[in-house]
1. Of all residues in the range 1-34 being within 21 Å of SER111 (Cβ to Cβ) and small (Gly, Ala, Ser), which is modelled with the highest pLDDT?
2. Please give the number of the condition TYR44 fails out of (1) modelled with pLDDT under 80; (2) over 30 Å from ARG7 (Cβ atoms); (3) touching a helix residue (DSSP H, G or I) at 6+ places or on another chain (Cβ under 8 Å).
3. Return yes when ALA37 is modelled with pLDDT of 80 or more, out of contact with any His (no Cβ under 8 Å at 6 or more places or on another chain) and outside any helix (DSSP H, G or I) and no when it is not.
4. Contact list please: Cβ distance under 9 Å, first residue in the range 26-37 and under 15 Å from ASP15 (Cβ atoms), second residue among the basic types (Lys, Arg) and assigned to a helix (DSSP H, G or I), pairs at least six apart or on different chains.
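The values are calculated or read from the model by the stated rules, or taken from the named source; none is laboratory data. In this text, all values refer to a predicted model and were calculated from it rather than measured experimentally. As a convention, Cβ positions derive from the backbone with ideal geometry for all residues, glycine included, and neighbour counts pool all protein chains shown.
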Amino acid sequence: MADNFERAVERALTDNADRLASASTTEQIIRISREIADEAHRNYVPTADRWIYRPIVWSFSLVVAIVGLGYTFMIFQASVYGVDSELELPDSLISFVSAILGALAAFLSPSPRR
């Protein structure tokens, strides 16, 4: 990704090198430098790597599914064996799964665009 950005900056600098070299005042140098930066920004095309987050989403989803299925299995076993006590998930497990669900929501939400 940095290589793509470096190429955009290099292209903008080579296209405007003569203008920058012929600038005589500090204001002209600053103005031309800003134009070069704007041109590099316009020419920069970020490479999108969609596969990078998929293992993270899969592992978080797997943890949530395992906890849900495990709790369901515990309730089923308690009803089969006639255990009358109510089963409750520990608070630490609830907060862990809540954090994972929050991270999943953050990963799956679209990123803001300018």
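1. ALA8
2. Result: TYR44 passes all but (2).
3. Values: modelled with pLDDT of 80 or more: yes; out of contact with any His (no Cβ under 8 Å at 6 or more places or on another chain): yes; outside any helix (DSSP H, G or I): no.
Judged against the criteria, ALA37 is not a match.
4. That search, which allows pairs on different chains as well, returns ILE32/ARG19; GLU35/ARG19; ILE36/ARG19.
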